[in-house]
1. Determine the relative contact order of segment 352-412: mean sequence separation of Cα pairs under 8 Å and six or more apart, normalised by residue count, in whole percent.
2. Percent of alpha carbon pairs in the chain separated by more than 42 Å?
3. Within the set of other residues whose C-beta is less than 11 Å from the C-beta of residue 379, count the net charge using Lys and Arg as +1 and Asp and Glu as -1.
4. Report the FRET efficiency, 1/(1 + (r/R0)^6), for residue 139 and residue 322, where r is their Cβ-Cβ distance and R0 is 51 Å, rounded to 0.05.
5. Could you work out the pair-distance distribution P(r) of segment 1-76 from its alpha-carbon pairs, with 5 angstrom bin width and percents rounded to whole numbers?
6. Which entries in the list 31/73; 73/326; 170/424 go over 28 Å, if you measure between the two C-alpha atoms of each?
7. Would you please give the residues with an amide H less than 5 Å from that of residue 178, counting only those at least 5 places away or on a separate chain, with H modeled from the backbone geometry?
8. Can you compute the modelled spin-label distance between residue 369 and residue 271, with each label point 7 Å from Cα toward Cβ, in nm?
Amino acid sequence: MSRTELIDSYLRRLFPLHRSITGDANRTTLKILQELIPLQILEYSSGESVYDWTIPQEWQIHEAWIKNRQGEKIVDLNNNNLHVVSYSRPVHAFMNLAELKPHLHYLQDQPRAIPYRTSYYQDDWGFCLSYLEYQRYFSDDGPYEVYINAEHFPGSLSIGELLIPGRSTKEILISTYLCHPSMANDNLSGVLTTALMAQTLMQIDLQHSYRVLFVPETIGAIAYCCHHEQQMQQVSVGLVVTTTGGPGAYGYKQSYCREHWLNEMVEAVFLRHKIDFTVYPFDPHGSDERQYSSPAFRIPCVSLCKSKYYEYPEYHTSLDNLKLVKAETIANSLQLYEDLLFLLDQNVVFENLKPYGEVMLSKHDLYPKTGAAFIPDKTGYSELDYILWLLFLCDGTQSLWDIAKRLGVEQHRLFEIAGQLEAKGILKRHV
Ligand code: ZN
């Protein structure tokens with residue numbers, strides 16, 4: 001099976017699940033992802049305080065519909081998971097249109113779209129429908145029979161976690177959110193991109209360690225940070241993976257830290273692929289970078305997106321579906337993310353262990369013997385030049401990315417030669 005076919009098959013399996021902030025569909029999603037990667041499923045109990053928040057009760061929805069005067073179902077959860085406001089409380093009542101209307105959500109400017117609405121932190125209920133459905137089925141005053149069979153009960157909030165060890169204990173965070181029901185770009189695309197990135201990472205010899213998380217947005221990230229406060233201090237940078245499969249433009253949300261090299265790396269990946277991209281400067285709206293970059297953690301995070309959340313008309317509606325999102329687009333975004341990870345992983349700091357004056361190369365069998373080692377590559381540097389520059393610049397303060405930028409060369413080439421100097425005991429890496 002090709003990667004695109006694999007993505008497509010998982011999109012189709014995961015799309016129908018009625019995920020929310022908590023509940024069995026989230027666990028089922030994580031269990032399906034366990035076919036791809038060995039995720040641990042963590043459960044945090046309802047009612048527990050996590051920083052300024054409380055872990056909510058579990059929500060299980062069984063049935064939701066509205067019937068007209070003739071007893072015909074005119075809105076039915078069975079037809080689309082978005083028809084009920086997520087986390088709605090139960091209701092069974094007959095009401096006229098004036099009473100019902102505050103609980104009906106539709107978009108006049110997108111008459112075919114069912115909006116996605118949640119009521120996580122308010123005790124409320126509601127239905128979502130397209131404006132066309134509203135016009136068609138709600139032309140009289142009723143009464144309408146309204147029924148939501150849902151339960152809220154003490155249970156737990158589920159998080160998927162995968163720790164992938166590398167040579168260094170310094171970590172890179174990869175986080176995505178799994179709380180959205182039946183929408184493909186936001187955020188099944190992010191879920192699958194994350195799972196497949198983790199699968200790739202598990203197959204290579206890593207310089208850094210990786211912490212891969214699948215959390216319900218906001219409360220999941222907060223709960224996880226609260227339970228792993230020490231561990232999160234080991235994280236140097238983070239990727240918040242979301243909306244990677246839309247038909248629109250590529251773009252990236254920058255780190256809160258404007259001058260951070262993480263922003264430069266993302267742009268380098270786009271440039272390498274000759275992709276035009278939009279830059280979204282950090283702002284405190286958005287996804288879980290809000291938690292990871294908050295004052296206590298200050299982890300610089302980026303999100304590399306294709307049709308970024310907020311930015312496409314189908315966002316948070318039923319039109320964000322499997323017609324809009326193509327597996328091939330997700331596969332392309334995955335490739336960009338993997339190129340970024342390749343840069344991130346090899347961005348290591350080395351220190352010259354013989355910093356007093358110049359290293360005598362021949363003594364360490366480092367002076368190149370073949371003529372080829374003196375011939376510059378396309379960046380203008382010969383192998384000897386790389387050795388000399390690395391020995392000169394590796395003072396324990398500059399990373400390979402800093403050096404690559406300064407010289408205008410590929411970080412990968414520096415990484416290779418630094419590895420040879422490390423093997424000779426002349427360079428030592430900071431771990
Ligand atoms: Zn969303």
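1. Details: 32 pairs, mean separation 17.3, N = 61.
In percent, rounded to a whole number, it is 28.
2. Looking at the chain, the distances longer than 42 Å represent 25 percent of pairs.
3. -1
4. Between residue 139 and residue 322 the formula returns 0.95.
5. Values per bin, smallest distances first: 3, 11, 15, 16, 14, 13, 11, 9, 5, 2, 0.
6. Listed pairs above 28 Å: 31/73; 73/326.
7. Answer set, sorted by chain and number: 215, 217.
8. With each label placed 7 Å out from Cα toward Cβ, I get 3.9 nm.
Where a number appears in this text, it was derived from the coordinates with a stated rule and is not lab data. Computed from a predicted model, the values in this text were never measured in an experiment. Cβ atoms come from the backbone with ideal geometry, glycine included; neighbour counts cover every protein chain shown.
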